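In what follows, a structure is listed as structure tokens, so that the remarks can point back to it.
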Amino acid sequence: MSKVGLQGFLFDEKSSFLKGPRLAPPCIREAYHSASANYFAENGEAILPKNITDYGDFSIENYLDIETITLKNLNKDLPLLSLGGDHSITYPIIKAFHSVYGKVDILHIDAHSDLYSNFEGDPYSHACPFYNIMNNGLAANLHQVGIRTLNKTQRDHAAQFQVDINEMKDFHKFSMPKFENPLYLSLDLDGLDPAFAPGVSHHEPGGLSTREVMTLIQHIDVPIVGADIVEYNPAKDIHEMTAMLAAKLLKEIVSKMI
Ligand code: MN
Ligand code: MN
């Protein structure tokens, strides 16, 4: 009956600016179950609790334990959705996916390219996951959307790893990449404009609208084997509106996974 696995990481040790994302997974679950909305994705698919095998939320002592936990929860017959936590979780998650699927294609929505080799002395900072993924050859193709903070270091690393970046200033020219491998979707909520997603640690104006992100997800035309929703910071949220946004996007993403 269940069609998707779900795991949450209560982890924000790799956040460079504010803590808070470790509080996110239970808040997103609560919003998903809220009586203020139904369980349907916009394509009419019911995303019911019985369709989700919930492995629960995990407190993390050692960063790289995220890989071990993900491997345990990763069953090739069931796509796996992860709730963060800060964006650092994506590197150990992709390590686990690589063990099972080989090199995946990644669609990464974010204000930031997260391509630093280390940030303020931490090579595992939430500003680094995609450098680590590409530098270790864990993904075949990395496609980034919503990016609006590139500096020279990140442009250099993007060129080194042939990252396909659609910068926000060029979003009008965006078209869905052609995916060649199993697809992993990594959604950093600060990819949306802070007007739509106030509950994030890094407000970066000039971002995607909720509808643009929904349309993007709805136009994915290959199966998604894994996804994450990261960087929700309940401490910054207003009336739980970003939690409801995360829950809405969860339903859209799961409808693409089943
Ligand atoms: Mn990020
Ligand atoms: Mn970001």
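The values are calculated or read from the model by the stated rules, or taken from the named source; none is laboratory data. Keep in mind it's a predicted model, so treat the numbers as computed, not measured. FYI the Cβ positions are ideal-geometry reconstructions off the backbone, even for glycines, and counts take in every protein chain you see. The accessibility values were calculated without ligands, DNA or RNA, using every heavy atom of the protein model including side chains. Shrake-Rupley method; radii C 1.70, N 1.55, O 1.52, S 1.80 Å.
Before moving on, here are some points about what is shown:
- Residue match in region 179-201 (condition: within 13 Å of ligand 1 (Cβ to nearest atom), open to solvent by 50 Å² or more (accessible area, probe 1.4 Å) and farther than 21 Å from Val254 by Cβ): no
- One residue from Leu83, Leu64, Leu107, Leu71 being within 30 Å of Ala158 (Cβ to Cβ) and at pLDDT below 95: Leu64
- Residue satisfying condition, being among the hydroxyl-bearing types (Ser, Thr, Tyr), over 16 Å from the mean Cα position of the chain (by Cα) and either away from ligand 2 (no atom under 13 Å from the Cβ) or under 17 Å from Arg148 (Cα atoms) (or both), within set Ser175, Ser186: Ser175
- Against the numbered list (1) within 15 Å of ligand 1 (Cβ to nearest atom); (2) touching a Leu at 6+ places or on another chain (Cβ under 6 Å), Gly226 comes up short only at (1).
- Any hit, region 221-234, residues being closer than 22 Å to His33 by Cβ and in contact with a Cys (Cβ under 8 Å, 6 or more places away or on another chain): yes
- Any chance Ile109 is more than 20 Å from Ser201 (Cβ to Cβ), open to solvent by less than 10 Å² (accessible area, probe 1.4 Å) and within 16 Å of ligand 1 (Cβ to nearest atom): no
- Of the residues in region 135-143, at least one is surrounded by 18 or more Cβ atoms within 10 Å (Cβ to Cβ) and within 16 Å of ligand 2 (Cβ to nearest atom).
- Ile253 vs. criteria under 24 Å from Phe11 (Cα atoms) and either more than 16 Å from ligand 1 (Cβ to nearest atom) or touching an Asp or Glu at 6+ places or on another chain (Cβ under 7 Å) (or both): yes
- Whichever residue in region 104-134 is small (Gly, Ala, Ser) and within 15 Å of ligand 2 (Cβ to nearest atom) and, among such residues, is farthest from Phe174 (Cα to Cα): Ser125
- When Ile253, Ile238, Ile258, Ile229 are screened for being at pLDDT 95 or above and surrounded by fewer than 20 Cβ atoms within 10 Å (Cβ to Cβ), only Ile238 passes.
- Hits in region 86-96 (condition: more than 16 Å from ligand 2 (Cβ to nearest atom) and either of a type in the set (Gly, Ala, Ser) or over 14 Å from the mean Cα position of the chain (by Cα) (or both)): Lys95, Ala96
- Conditions (1) of a type outside the set (Gly, Ala, Ser); (2) in contact with a Lys or Arg (Cβ under 9 Å, 6 or more places away or on another chain); (3) farther than 17 Å from Thr90 by Cα: number failed by Leu138: (3)
- All positions within region 128-152 that are under 16 Å from the mean Cα position of the chain (by Cα) and under 23 Å from Thr210 (Cα atoms): Leu142, His143, Gln144, Val145, Gly146, Ile147
- Residues that are open to solvent by 60 Å² or more (accessible area, probe 1.4 Å) number at least 1 in the following strands (runs of 3 or more DSSP E) confined to region 1-85: 52-59.
- Within region 205-234, the set of residues being part of a loop (DSSP other than H, G, I, E, B) and without any contact (Cβ under 8 Å) to a residue 24 or more places away in the chain comprises Pro205, Ser209.
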